Structure formats: structure tokens, C-alpha cells
1. If you count, for each residue, the other Cβ atoms within 10 Å and average over each peptide, how do 73-83, 175-185, 189-199 line up from highest to lowest?
2. Over region 91-229, give the accessible area per residue in Å² for a 1.4 Å probe, as an integer.
3. Determine which residues of region 115-158 fall in the zone a paramagnetic label at ARG295 would reach in this model, i.e. backbone nitrogen under 15 Å from the point 7 Å along Cα→Cβ.
4. Could you state how much accessible area ASP320 has, in square angstrom rounded to the nearest 10, with a 1.4 Å probe and all protein chains kept in place?
5. What's the carbon and sulfur percent of region 267-326's accessible surface, probe 1.4 angstrom, rounded to a whole number?
6. Determine the sum of side-chain charges near MET226: Lys and Arg each +1, Asp and Glu each -1, restricted to other residues whose C-beta is under 10 angstrom from that of MET226.
7. In the P(r) worked out for region 84-233, what percent of Cα pairs fall beyond 21 Å?
8. Give me the one-decimal nm value for the distance between modelled label points at GLU182 and ASN83, 7 Å along each residue's Cα-to-Cβ direction.
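The values are calculated or read from the model by the stated rules, or taken from the named source; none is laboratory data. Computed from a predicted model, the values in this text were never measured in an experiment. Neighbour counts are summed over all protein chains in view; Cβ atoms, including those assigned to glycine, are modelled from backbone coordinates with ideal geometry. Ligands, DNA and RNA are stripped out before the accessible areas are found, and what is left, the full protein with its side chains, is counted by its heavy atoms. Shrake-Rupley method; radii C 1.70, N 1.55, O 1.52, S 1.80 Å.
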Amino acid sequence: MANIIIRPPHYIPDRLITPEHAFFNRRKFLRQMGIAGAGVVSLSTIGCGQGTAADAAPAKAPKTPASVTSSKTYPAPRNPDFNPDWVLTEEKTASTYNNFYEFTLQKDVYKHVDRFETSPWSIEITGLCDNPMTVDPMELINEFGMEERVYRFRCVEAWAMVVPWSGFQLSKLIAKAKPKPEAKFIQMWTAEKPKEMPGIAKAPNYPWPYFEGLRMDEAMNPLTLMAAGVYGKELPKQNGAPIRLVVPWKYGYKSIKSIVKIEFQKTQPKTFWETLQPDEYPFESNVEPKVPHPRWSQATHRMIGSDRRERTLPYNGYGDYVAQMY
Ligand SMILES: Nc1nc2c(c(=O)[nH]1)N[C@H]1C(S)=C(S)[C@@H](COP(=O)(O)O)O[C@H]1N2
Ligand SMILES: [Mo]
């Protein structure tokens with residue numbers, strides 16, 4: 001008897017939790033795409049909502065004006081509303097334990113990002129809006145300024161971290177773009193640069209480039225951040241440089257990295273993970289401890305860099321900000 005450790009009912013050993021990709025079934029994917037039996041998957045055959053892989057490539061980068069520099073940008077002032085007394089995840093842990101499948105399916109993304117060029121960079125804002133544009137993210141930072149916010153971040157794989165992001169509210173960019181009334185959703189795409197992103201060729205059946213989406217009210221919510229920095233510095237490449245989304249009440253895969261395109265749309269877009277496994281990674285994907293992932297509980301998570309297991313909270317603890325939307 002002495003050797004038997006009694007676990008709380010919500011305990012799940014880490015070995016039972018698998019990464020997003022682990023149960024990906026190639027044949028199922030090909031069947032869904034209507035091309036079972038085909039030896040090669042052509043990306044151009046894979047539609048993703050109203051955008052396609054082909055048109056998500058970054059447009060020609062605008063020249064960054066000489067006045068646009070990052071020297072005075074960091075550290076951004078901390079927003080007192082997001083300055084909790086939580087223990088921060090160690091900076092080293094947050095930059096060496098990542099998910100960024102364009103580089104590798106493993107967590108040591110930082111070892112595979114050397115060739116990734118994040119400057120110059122441009123983001124195209126397009127679709128149902130009156131002020132479409134193609135801009136350098138630094139111009140947006142110059143215009144909107146940046147603030148620092150400490151957020152918890154919860155991956156669907158039942159790990160979490162607490163990190164200080166630097167960025168601006170996505171709502172500011174949306175206001176600048178002037179969406180039309182019929183724009184009800186936004187879709188976003190990550191860069192697709194196979195020569196710089198060695199993971200793309202290693203996962204040829206994934207519907208690259210990575211794409212995500214939000215409802216317009218979710219995108220406008222004050223919590224939704226475009227982050228260009230973390231720990232008071234520019235984002236490391238493995239965390240999604242030069243600019244990424246942070247949606248702290250949803251599972252981590254909604255927080256798309258290294259964004260090159262944002263499109264306003266009338267109908268709900270597909271997302272990368274929903275395309276692969278709709279039953280496991282639905283569009284909404286709010287953090288909800290009572291709804292288990294089909295293969296494991298979501299009741300608790302492990303804080304990365306520690307053995308600490310914590311209870312997961314509904315909306316990842318951000319219900320006061322977002323519960324009214326659902
Ligand atoms: N383009 C892109 N964005 C992505 C991913 C990815 O593989 N590719 N992974 C997502 C997942 S599953 C998580 S948990 C977070 C991880 O962010 P972090 O590495 O900064 O902690 O990024 C999300 N954004
Ligand atoms: Mo994740």
C-alpha cells in the first residue's frame with residue numbers, strides 16, 4: 001500500500017497528453033480533401049475560406065522610413081490593468097519550449113529558426129473594409145504605441161505559461177482598416193517561406209500556410225492583442241516575430257504567429273487545425289476545463305518550466321472580459 005500514490009481525480013499524467021499533431025491521420029486528410037489515392041497534395045487545391053494559400057504570400061515589402069526604428073520601443077509601459085502578481089514563466093523557458101510547426105513538430109523551435117528573415121516584413125489588410133493597406137508592422141507600432149500586459153497563455157496540450165507581451169490592441173488596427181458592416185469575421189495567415197521554414201517540407205500534408213480566424217466581436221475585444229514583443233524585447237522568431245496574435249481566453253493555436261495577411265470576411269472562415277481535425281480543434285476553441293479534449297482532460301495544466309499543476313479556469317480566467325460574448 002505504501003507505494004501507491006493517490007492522485008486527485010483530475011490528475012492526468014503528461015505522457016497521456018499528445019501534441020496537436022500526434023493523431024493526425026494522413027489518409028483521413030486526403031479523403032477530406034477529396035484526393036485520396038493521390039500521391040502529391042498540391043497546396044493550390046486546398047481552399048481556406050475566401051483566401052487561398054497562393055494569395056497569402058507577402059506582398060512586396062514597403063520600404064521602412066528611416067524614422068521608423070525600434071530603439072525607443074522597449075520596454076513598453078506595463079498596463080496596470082494587466083499587472084497581476086503571478087509568477088512569470090522564465091524567459092528562457094518561454095523561448096525554448098514552443099509550438100511553431102513551420103519549423104518543427106518538436107518543442108525546440110529555437111534551434112530551427114536561423115534562416116527565418118523577419119525584416120523587412122509587411123502585412124496586407126484586405127477584404128471587406130474601406131481602408132485596405134499593406135504596412136510594415138513597425139509603422140503600426142509607431143502609430144498605435146505599445147503597452148505591456150502580463151497574460152496567462154494556455155495550450156490545448158494542457159500546458160500553460162505566464163508571460164509579459166508587448167503590443168497593441170487588435171481593435172486599433174481594425175478601426176484603422178474601417179471594416180464594412182457586412183464584415184463579421186477576420187481570417188489571418190502566417191508567412192509561408194519553405195526555404196526559411198524547414199518544418200513545411202517535413203509536413204507536406206498540412207494545409208500551409210497556417211491560418212486562423214476570429215469573430216469580429218472577438219477580434220475587437222480589448223483583450224485581443226497584436227504582440228511584437230515579449231519580456232520587454234522584440235519577439236524571438238520562435239515566438240512569432242515580427243508580429244503575432246495573442247487571444248488569452250482561447251487555446252494557444254488560435255494565437256497565430258508571424259502574420260502576413262488579415263482579411264475581413266462575411267462568413268466564418270476555416271482554420272488550419274479545424275481543417276485537420278474538426279472534432280478536436282473547433283473554430284471557437286475557448287478554454288473550458290469542463291469540456292475534455294477527445295483524448296484527455298482539460299481540467300488542469302502544467303506550468304512549463306515547473307512541475308506545478310494548476311486547475312484550468314473557464315476562459316482561462318478571463319471570463320469577466322469575454323463571457324458576455326458567448
Ligand atoms: N503560424 C503558427 N502559429 C502558431 C502555431 C504554429 O504552429 N504556427 N502554434 C500555435 C500553438 S499550438 C501554440 S500553443 C502557440 C505557442 O506560442 P508560443 O510558442 O509563443 O508559446 O502558438 C500558436 N501559433
Ligand atoms: Mo498549442
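1. The densest-packed peptide leads the list: 189-199, 175-185, 73-83.
2. Using a 1.4 Å probe on heavy atoms only, each residue of region 91-229 averages 34 Å².
3. The answer is 156-158, whose backbone nitrogens lie closer than 15 Å to the label point.
4. 150 Å²
5. 52 percent
6. +2
7. Counting every Cα pair in region 84-233, those more than 21 Å apart make up 55 percent.
8. Taking the simple label geometry, GLU182 and ASN83 are separated by 4.6 nm.
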